[in-house]
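A short reminder: the numbers here are calculations on the coordinates, not readings from a lab. Source: prediction; values computed, not measured. No Cβ is skipped: glycine too gets one built from the backbone with ideal geometry, and neighbour counts run over all protein chains shown.
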Amino acid sequence: MRNFSHKLKLSSALLKRLQHRVTAGNLNSPRCFTTTEGHRPTIVHKRSLDILHDPWFNKGTAFSMTERDRLDLRGLLPPNVMSSKQQIERFMVDLKRLEVNARDGPSDPNALAKWRILNRLHDRNETMYYKVLIDNIEEYAPIVYTPTVGLVCQNYSGLFRRPRGMYFSAEDRGEMMSMVYNWPSEQVDMIVVTDGSRILGLGDQGVQGIGIAIGKLDLYVAAAGINPQRVLPVMIDVGTNNEKLLADPLYLGLQQHRLEGDEYISVIDEFMEAVFTRWPHVIVQFEDFQSKWAFKLLQRYRNTYRMFNDDVQGTAGVAIAGLLGAVRAQGRPMIDFPKMKIVVAGAGSAGIGVLNAARKTMARMLGNTEIAFESARSQFWVVDANGLITEARENIDLEARPFARKVNEADRQGLKEGASLVDVVRKVKPDVLLGLSAVGGLFSKEVLEALKESTSTRPAIFPMSNPTTNAECTPEEAFSIVGENIIFASGSPFKNVDLGNGHVGHCNQGNNMYLFPGIGLGTLLAGARIISDGMLQAAAECLAAYMTEEEVLNGIIYPPISRIRDITKEVAAAVIKEAIEEDLAEGYRDIDSRELCRLNQEEINTFVENNMWSPEYPTLIYKND
Ligand SMILES: NC(=O)c1ccc[n+]([C@@H]2O[C@H](COP(=O)([O-])OP(=O)(O)OC[C@H]3O[C@@H](n4cnc5c(N)ncnc54)[C@H](O)[C@@H]3O)[C@@H](O)[C@H]2O)c1
Ligand SMILES: O=C(O)C[C@H](O)C(=O)O
Ligand SMILES: [Mg+2]
């Protein structure tokens, strides 16, 4: 075990506790630490083929000869014992074969084939799968996560080989409390749940949406170091309104229209009660629920359960960090944020989440008074499928209402209810154009031409919709039409643009992946009762402050994905600190709330780091039950 006492000068009592926790953690989470001398081995209750067929414990050709003897594996594997490095080399040769003729990047024509190969590894050897993913995160995040995960969801019924996670359907009403005990793990830290109703920008994918929950949890393991034995992807299948799936004889989900109203809510209530009964400390991330339910369910559960909605809250934090970065990139102080004019295209769960958070952030910077909150509203112009939202609109959504422009304000700007995006951009001349509309190409040539008249010295263009085909514009379009001096951030990954003359147009990835893993890990380790606005704000501020002045001035407002484990650690520490300050932290395992309160910043960082799982094979010991 690493001795960190010199560095941090921890009190000996606290050091003992932290070390004790590490050892205790090793008992319960067998693969937390490497198999170097002094680390406890993992006790398994199975042998022979049962071990080889268990992805949590399987090491394949890396089983040593003594382990092969201990676990009755002799003769069941080819004789040459491989190191884990050699194993990965062998695997990578196979995976790389696909790349010979492929264009790389997000539009990789072999993306689905690569996903298949990686998924098969996931099914047979989780340690090796996460090692490959962590060591090559830049290359394979776009395969296991956005954008390829969208394609996976669309084709899930055909791709399905082995189940992963749990399915609760409308047919299971009344049974969920007992069903949760079918899951083999005694401890679950993180659940990502979807009802498949709005998968990325691809609409209702029904049961096939489980792919997104699996992809998000892959990042929880890779970025936040949550032990893969303690994550659970969940699909709540209440039917689908996707007519193509309803008519497809090979579709794997319930072939009925979605439950609505109280019937729908009662299913989600039953699920929440069941999972929190079996795992009282679990955290539930709601993912890709259509807006009409996203907001309602968040309001319903957020003060009772440890849960958050990633599309509403995670996206908001990432967008705020990006917007503050855009202010800094103009060489202005962050405190100038309330002066930014922002046009948002899309008023769904993500758009409204961003608007609410941006308004609150501005109001806080202006003194946090009611007047500040009111005046911040006037910085936003919101356009949805029916054009500019004003108070003249009939049947305006409850959540969008606070952002509807007064009719006289719109008139003064020369705009009317329902005005087109291009007219709004032309008249408002915004500092920021942000897209969460799910409409690919919405930032057309005309719209981008109009943005050239922005009053900003460095306009920001954020086409945040996913996957790649749904991005409101490409970086090539943005840089070539609006000019070199812009800040660009997209939800899905794009390559930097060569602008000629040795200049590079930097493409940031503005995706909630930079926050949700840290929000989950921080909440877990703080043992926070709920996830407060303050904890989410702390996460966003941490991300906003992560980039250096120099990087930001070069147009780099988010870290590269290769640094995702590091930023996640910092976000988690910020979340823990805020939970402690708000008196929400109840502690984690044998570190109680009082001990947590005594940790200084460095000790919190160490605490986070020491509780992150890394993919190393443990020594396996067989014991009869
Ligand atoms: N980058 C990220 O981290 C991130 C996070 C969450 C969501 N998203 C993406 O944001 C998109 C929207 O997600 P959502 O949950 O808000 O969806 P949603 O269906 O709830 O909302 C979509 C909104 O876009 C509006 N819209 C449709 N056509 C439009 C048009 N032509 N012009 C302007 N607005 C139009 C709709 O009226 C609606 O208000 C999806 O593509 C999703 O993948 C990205
Ligand atoms: O899944 C992503 O890539 C981001 C976001 O949660 C989305 O729904 O698009
Ligand atoms: Mg999402």
Quiz item: Relative to the present Cα-Cα distance, how much length would full extension add between residue 334 and residue 281 at 0.36 nm per residue of separation?
Solution: 15.4 nm
Quiz prompt | Pair residue 138, residue 549: separation of 7 Å Cα→Cβ label points (nm) | solution = 2.7
Practice problem: For the chain, find the longest principal axis of its Cα atoms and tell me its angle to the long axis of helix 261-278, 0 to 90°, nearest 10. | Solution: 40
Quiz item: Counting Lys +1, Arg +1, Asp -1, Glu -1, what net charge surrounds residue 338 among other residues with beta carbon under 14 Å of its beta carbon?
Solution: +4
Quiz item: What full-extension length gain, to one decimal in nm, is calculated for residue 76 and residue 503 as 0.36 nm per residue of separation minus the Cα-Cα distance?
Solution: 148.1 nm
Quiz item: Separation of region 119-160 and region 554-578 by C-alpha centroid, Å?
Solution: 22
Self-check item: Exceeding the 31 Å Cα-Cα cut-off - candidates 114/569; 216/427; 292/341
Solution: 216/427
Practice problem: Just order 54-62, 42-50 by mean Cβ neighbour count inside 10 Å, highest at the front, would you? | Solution: 54-62, 42-50
Exercise. Excluding residue 426 itself, calculate the net charge of residues whose Cβ lies under 14 Å from the Cβ of residue 426, where each Lys or Arg counts +1 and each Asp or Glu counts -1.
Key: +2
Quiz item: Cα centroids of region 398-473 and region 241-257: how far apart, whole angstrom?
Solution: 36
Exercise. Calculate for the chain the 222 nm mean residue ellipticity that helices alone would give, adding -39,500 (n - 2.57) per DSSP H run of length 4 or more and normalising by residue count, nearest 500 deg cm²/dmol.
Key: -13000 deg cm²/dmol
Practice problem: Considering Cα pairs under 8 angstrom that are at least six residues apart, work out the relative contact order of region 410-557 and quote it in whole percent. | Solution: 16
Quiz item: Points 7 angstrom from Cα along the Cβ direction at residue 398 and residue 65: gap in nanometres?
Solution: 7.0
Self-check item: Computed over the chain: relative contact order in percent, which uses C-alpha pairs under 8 Å that are six or more apart
Solution: 16
Quiz prompt | Angle between the chain longest axis and helix 12-28 axis [Cα atoms, degrees, rounded to 10] | solution = 80
Quiz prompt | Neighbour cut-off at most 16 other Cβ (10 Å), DSSP loop, GluC sites (Glu not before Pro), region 580-625 | solution = 586, 616
Exercise. With a cut-off of at most 15 other beta carbons within 10 Å, and DSSP calling the residue loop, which trypsin sites (Lys or Arg not before Pro) in region 356-430 qualify? Please list them.
Key: 406, 416
Quiz prompt | Amide H partners (placed H, <5 Å) of residue 237, local residues excluded | solution = 168, 169, 170
